[in-house]
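S.K.: One structure coming up, written as structure tokens, with questions to follow.
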Amino acid sequence: MPALPPADLPGCCTAPEPLPPLAAELASLSLLHCRFDPAQMSFERDALRLGALPPDNIRRAVAKRQAEYLAGRLCAREALRQLSGTAVVPGHRTTDRGPAWPTGWVGAITHSHGWAAAVVGSARDYLGLGLDVETLLEPAKALRLADQILTPAERESVQALDEDRQAFAITLAFSAKESLFKALHPQVEQMFFFQDAEILGTDPGGTFDIRLLLDLSPRWSAGTSLRGHFRLDEQQRLLTLVAPRH
């Protein structure tokens, strides 16, 4: 990617860089990431460099949340530039304050522990996109959260695993369901929760199958399943992507 001029780069963020596609069939997506440091942020200056008009809830937020917003929108802006040739910062949906993508494009943003990423694709190809990053849960914490994240069937499927593999499975279920929500919620404009979808299976090559357990719309009814993708990096960050096509 060409270097960004300093006037376009928030001072709290590194320049976005591409991530490898999570699968060959997803190569048409633009997937970018950057790092951010709230201690290096001057919010008004950095929002101006980004070209963003942050909503009031972000202006009132703590520095960490403000830096997350700037970094995520920076990755989104550059992903849109990469695909469309135009640098546009996504606006905000009035229903849930999530990103509002320009006409003709879909996308998602995620961030965790000083790292942010965004994915963008053509609305001609994709109904929506969901992207989530999580740091692997420690086994004790994963087991404490299991009943909130897993359905009874999922809980039964992980019981025979050792603690580390259980922690991975629980983290993956959490992240996959977050990505599913991000991909579908802008379409259905209806809330749904961890118990409303379940993992049917995973493949070590980096795929998972997930099924809806409630009716969200005629297109997204109970029993509908989707295939998602995941990758665990060297920093123990687990990235999941759900990308339903037309």
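The values are calculated or read from the model by the stated rules, or taken from the named source; none is laboratory data. Predicted, not measured: the structure shown is a model, and the values here were computed from it. As a convention, Cβ positions derive from the backbone with ideal geometry for all residues, glycine included, and neighbour counts pool all protein chains shown.
S.K.: Show the residue pairs meeting these rules: Cβ distance below 7 Å; 6+ apart or different chains; first residue within region 231-245 and basic (K, R); second residue part of a loop (DSSP other than H, G, I, E, B) and at pLDDT 95 or above.
M.R.: Note: pairs meeting the criteria are R231/L22; R231/G206; R245/D125; R245/L127.
S.K.: Only one residue in R45, R35 is modelled with pLDDT of 95 or more, assigned to a strand (DSSP E or B) and farther than 15 Å from L129 by Cα. Which one? Walk me through it before giving the result.
M.R.: Numbers: R45 fails: assigned to a strand (DSSP E or B).
Only one candidate passes the filter, namely R35.
S.K.: Could you pull out the residue among A153, A167, A146, A140 that is more than 30 Å from E78 (Cβ to Cβ), of a type in the set (A, V, I, L, M), out of contact with any strand residue (DSSP E or B) (no Cβ under 8 Å at 6 or more places or on another chain) and exposed (fewer than 13 other Cβ atoms within 10 Å of the Cβ)? Talk me through it step by step, then tell me what you get.
M.R.: On the way: A153 fails: out of contact with any strand residue (DSSP E or B) (no Cβ under 8 Å at 6 or more places or on another chain); A167 fails: exposed (fewer than 13 other Cβ atoms within 10 Å of the Cβ); A146 fails: exposed (fewer than 13 other Cβ atoms within 10 Å of the Cβ).
When all the criteria are applied, what remains is A140.
S.K.: Examine region 49-72 for a residue that is modelled with pLDDT of 95 or more, under 19 Å from V120 (Cβ atoms) and out of contact with any helix residue (DSSP H, G or I) (no Cβ under 9 Å at 6 or more places or on another chain), and state whether such a residue exists.
M.R.: yes
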